[in-house]
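Beneath this line is the structure, given in structure tokens, with notes to follow.
No lab work stands behind these numbers, since they all come straight from the coordinates. Please read all numbers here as calculations on a predicted model, not as lab measurements.
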Amino acid sequence: MSEWKQFLNKQLQDPEIRAEWDNFKFEFDIVEASIDARATGETVIVSPTVSVVKENNHYLAKCLENNLISQGNTRAEAIANLQEELDLYFVDVYELSNVEKPFKLTILEPITLSAS
């Protein structure tokens, strides 16, 4: 195990540090995959999960991995706005790695619960 992994594992035993690490896991995974891809020349495909809900007269699109939220007058507009927000959020990752642009969003379809 590398010195970095040993250090990280020791630090993650602290619940406060673990909570912060978990909040940024999505970003860390992208960076780690980008570093690995750079060594092999491969392209990284990132697929954040998005939930879309209608609230009053607007749609809200939320990235479940990093809690970015965007809105729009239509479902498609909310998703497009979130895509743009994610692109801006990860602009440094795009510039420094082989991450495919734009991200391929995984859109969760709404479910309908029926009373039995």
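Observations on the structure shown:
- Total lysine pairs under 26 Å (Cα atoms) in the stretch 3-108, excluding pairs fewer than 8 apart on one chain: 9
- Our estimate of slack between F7 and E20, defined as 0.36 nm per intervening residue step minus the Cα-Cα distance, is 3.1 nm.
- q = 0.23, 0.24 Å⁻¹: log10 I(q)/I(0) that the Debye formula gives for the stretch 3-108, counting C-alpha atoms only: -1.16, -1.20
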